[in-house]
Ligand code: TAP
């Protein structure tokens, strides 16, 4: 998979059913986060012309795709799912090469994408309208959903396969055509995702994929007046910018944004279970899940043994290349991401938080050339600190203690984000109270913050999300508009 700059493969965009270089031939090199001196590939730095060509292709393909029966559209998508299962080894290697997560995590990402996509296909086959009784006799009244046209999907690098899967599938099954722009840190995953559809014989132009920077190709795509919907997953900062840009044209947006997810552990919790869930949700994928637990708020009485158990699990993690089966935590995704996380850690120390473990770039055999950060735990963190308020998006956990349930809930809610939250307790009444009070789109009781199932919607509140959430029944809702019909068939 990996090689040096001169021998690394050159990749192409997928536009209108053809693999094409950027119109001016410009390329960007991608580096392996586990060995940054190694170039994994060269990718088109798409120009405005390339973006226009992708939207042209999607626009031209739209009428025929829309007019196919939903069953015919589903057949293409089911074939793409079958190819995903066949190619799971190869595609998980591409994810690990570009993102750094372990091969097991990459496989898990594909397996979960397949489940989510299956669900969206079934949803598309059964959930497109309803007949309502009319107030008048001889009138048939009904409403149904119809597609929008050309949709843009802008995806992040942390779940570079799963996110396109759960966005493109509802868009396509509903009859839209799509231009996908993957993150610059994971361009080949976006192209491999697209290839799975291309290899089903999907009609030309139905799904297009262009690589390049967000501020260049991404922004150019969103500024094309033919784009009817923007599904964006990424940081809150970019999400707000995209919302402003879309508002000027009344283009609908689905924004899945950052998180600062709390876990509350009450004194009656099963300590082992809570500590395991906390360590997994904080450090899996090197803390780069949008639903990672980054703040744990523990009842003072049990804070000592709970923190000890979490520290033991953090220190037992084995850092290394995601291709090594012994590795339990891979690198973070790229040098800029590593710098951002180390800067936050430094700021935490300067603002007075106490470092309990980690806090440095990891060194040693197999690590020196990679973006490895030690699993990090801070205590004595207070609500005003930068590490409390900002999404670090790395393997960094902050521990708070609380004297009461109400204090724990206040700390949990004291940030601008509201993606996921969890509570560990055996007290049903307090669990239910937490569900009422916690400000998060997804809440878990005695389960970690990253758990989700495809049949339910997925999205945050506050500054973690806006627009109709993805997945579940709302996945297709975002990519369709309502049409209401009244037909008088008898006078
Ligand atoms: P961002 O930097 O926001 O980038 C996300 C995507 O937007 C990338 O494809 C990026 O391209 C593109 N982009 C950047 N600026 C753009 C612009 N001006 N116009 C159009 N596109 C633009 O986020 P990221 O670092 O890739 O992802 C991490 C973030 O995603 C975290 O905040 C995480 O919490 C969030 N996330 C949220 C969820 C949910 S469901 N809430 C799920 C996964 C991730 P480039 O890569 O070329 O910059």
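The values are calculated or read from the model by the stated rules, or taken from the named source; none is laboratory data. Source: prediction; values computed, not measured. Counting neighbours? That spans all protein chains shown, and the Cβs are built from the backbone with ideal geometry, glycine included.
Quick notes on this one:
- Every listed requirement among (1) surrounded by 24 or more Cβ atoms within 10 Å (Cβ to Cβ); (2) in a strand (DSSP E or B) is met by residue 228 save one, (1).
- Residue count for the range 53-78, restricted to those that are surrounded by fewer than 16 Cβ atoms within 10 Å (Cβ to Cβ) and within 27 Å of the chain's Cα centre (by Cα): 3
- Within the range 172-205, the set of residues being over 17 Å from residue 12 (Cβ atoms) and crowded, with 24+ Cβ neighbours inside 10 Å comprises 172, 173, 174, 175, 176, 177, 178, 183.
- Complete set of residues in the range 226-251 that are out of contact with any strand residue (DSSP E or B) (no Cβ under 7 Å at 6 or more places or on another chain) and more than 8 Å from the ligand (Cβ to nearest atom): 240, 244, 247, 248, 249, 250
- Single condition residue 321 does not satisfy, out of (1) at pLDDT 95 or above; (2) part of a loop (DSSP other than H, G, I, E, B); (3) closer than 29 Å to residue 408 by Cβ: (3)
- In the range 446-466, the residues that are free of Cβ contacts under 8 Å to residues at least 60 places away in the same chain and surrounded by 15 or more Cβ atoms within 10 Å (Cβ to Cβ): 457, 461, 462
- You will find that of 302, 297, 230, 240, the residue that is touching a helix residue (DSSP H, G or I) at 6+ places or on another chain (Cβ under 8 Å) and in the same structural domain as residue 96 (by TED's automatic domain parsing) is 230 and no other.
- Residue 280 fulfils the conditions (1) away from the ligand (no atom under 11 Å from the Cβ); (2) touching a helix residue (DSSP H, G or I) at 6+ places or on another chain (Cβ under 9 Å); (3) farther than 27 Å from residue 90 by Cα except for a single criterion, (3).
- Residue within the range 139-151 that is in the same structural domain as residue 477 (by TED's automatic domain parsing), buried (at least 21 other Cβ atoms within 10 Å of the Cβ), within 16 Å of the ligand (Cβ to nearest atom) and under 21 Å from the mean Cα position of the chain (by Cα) present: yes
- Members of the range 458-488 found to be within 11 Å of the ligand (Cβ to nearest atom) and part of a loop (DSSP other than H, G, I, E, B), listed by number: 459, 460, 463, 464, 469, 471
- Tally of residues being within 14 Å of the ligand (Cβ to nearest atom) and surrounded by fewer than 20 Cβ atoms within 10 Å (Cβ to Cβ) across the range 390-420: 2
- Search result, residues across the range 138-151 that are farther than 23 Å from residue 230 by Cα and part of a loop (DSSP other than H, G, I, E, B): 138
- Filtered residue count, the range 181-225, keeping only those that are near the ligand (Cβ under 8 Å from one of its atoms), closer than 19 Å to residue 47 by Cβ, part of a loop (DSSP other than H, G, I, E, B) and in contact (Cβ under 8 Å) with a residue 40 or more places away in the chain: 4
- Reported count of residues in the range 100-137, each being in a helix (DSSP H, G or I), touching a helix residue (DSSP H, G or I) at 6+ places or on another chain (Cβ under 7 Å) and buried (at least 17 other Cβ atoms within 10 Å of the Cβ), is 15.
- Residues satisfying the stated conditions in the range 1-52, i.e. assigned to a loop (DSSP other than H, G, I, E, B), at pLDDT 95 or above, more than 18 Å from residue 198 (Cβ to Cβ) and within 25 Å of the chain's Cα centre (by Cα): 33, 34, 45
- Check on residue 475, surrounded by fewer than 23 Cβ atoms within 10 Å (Cβ to Cβ) and in contact with a helix residue (DSSP H, G or I) (Cβ under 9 Å, 6 or more places away or on another chain): no
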